[in-house]
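The values are calculated or read from the model by the stated rules, or taken from the named source; none is laboratory data. Here the structure is a predicted model, which is why all the values come from computation and not from measurement. All Cβ positions, even for glycine, are placed from backbone atoms using ideal geometry, and neighbour counts span all protein chains on display. Heavy atoms of the whole protein, side chains included, go into the accessibility calculation; ligands, DNA and RNA do not. Shrake-Rupley method; radii C 1.70, N 1.55, O 1.52, S 1.80 Å.
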Amino acid sequence: MYFQQSVTVEGDVVHPGNYVISKLNERLSDVVKRAGGLKKSGYAEGGRVIRSGTRLRINVYDAIDDPEGDNDIKLHPGDIISIPSSPFSVIISGEVNNPGIFSFVDGKKLSFYIDESGGKTDSADFALLTLPTGMVEKVGLHWWSSNPKIPDGSSVFVAKEKPAPIEPPEKEGQKVTVYDVVKDMTAIMVSTLTVILLINQINK
């Protein structure tokens, strides 16, 4: 008996629903096209493909824009394609003076959103930028660091600098040097010679 195998397309597409895999090696872009494509409010950059409960690390926008490219994966039965609406917002949290959700401004960079959030605190050291695709990038906050453009729907966590590890106090006798070894050997030799001399004196 033949069982039809399908995938699910949900969110901001023209015709969301379940779609039977109609051909061998059907790709992501094929099914999105069959679903009528994205609505005007659809945000492909934030699109997700869920397989067996796990989000695949792919760029849905690139898959649609470049059919049969690296991101245009072959679908498996049960895959879920989810297309969100454009959020028009950026989340800033962590070591900033006024964390929150800020309006997205096209073309603006990381420094702009940190300034919008009241600036970084004195203990801020770097930022973790979570892109709409789910990928995470570590970005420095120094004057020489990169200052990337922030896509719509991104999340920025400004982190503290890790404190230097505290060395435990050195215990007596824990660290042995060559000097210590020579000193101990000399003391043993002197003690031995002293005992020999005493024995000789007694035997006279």
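Looking only at the range 62-73, filter to residues that are crowded, with 19+ Cβ neighbours inside 10 Å and not polar (S, T, N, Q); which one of those is farthest from VAL14 (Cα to Cα)?
Ranking the candidates gives ASP72 first.
Taking the range 84-99, which residues are open to solvent by 40 Å² or more (accessible area, probe 1.4 Å) and on the phi > 0 side of the Ramachandran plot?
Within the range 84-99, just PHE88 meets the criteria.
Quick grid of which residues meet (1) out of contact with any strand residue (DSSP E or B) (no Cβ under 7 Å at 6 or more places or on another chain); (2) without any contact (Cβ under 8 Å) to a residue 40 or more places away in the chain:
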| site | (1), (2) |
| --- | --- |
| SER6 | no, no |
| HIS15 | yes, yes |
| ASN18 | no, yes |
| SER22 | yes, yes |
| LYS33 | yes, yes |
| LEU38 | no, no |
| ASN59 | yes, no |
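In the range 16-33, what residues are not in a strand (DSSP E or B) and not acidic (Asp, Glu)?
The answer is PRO16, ILE21, SER22, LYS23, LEU24, ASN25, LEU28, SER29, VAL31, VAL32, LYS33.
Which of the residues that make up the range 138-154 are of a type outside the set (S, T, N, Q) and either within 12 Å of SER111 (Cα to Cα) or open to solvent by 80 Å² or more (accessible area, probe 1.4 Å) (or both)?
Once the filter is applied, which keeps residues that are of a type outside the set (S, T, N, Q) and either within 12 Å of SER111 (Cα to Cα) or open to solvent by 80 Å² or more (accessible area, probe 1.4 Å) (or both), the range 138-154 yields LYS138, VAL139, GLY140, LEU141, HIS142, TRP143, TRP144, PRO148, LYS149, ILE150.
What residue, among those in the range 111-137 that are touching a Lys or Arg at 6+ places or on another chain (Cβ under 8 Å) and farther than 13 Å from GLY94 by Cβ, is most open to solvent (accessible area, probe 1.4 Å)?
MET135
Here's a check for you: in the range 98-116, which residue that is in contact with a strand residue (DSSP E or B) (Cβ under 8 Å, 6 or more places away or on another chain) and free of Cβ contacts under 8 Å to residues at least 40 places away in the same chain is nearest to ARG55 (Cα to Cα)?
ILE101
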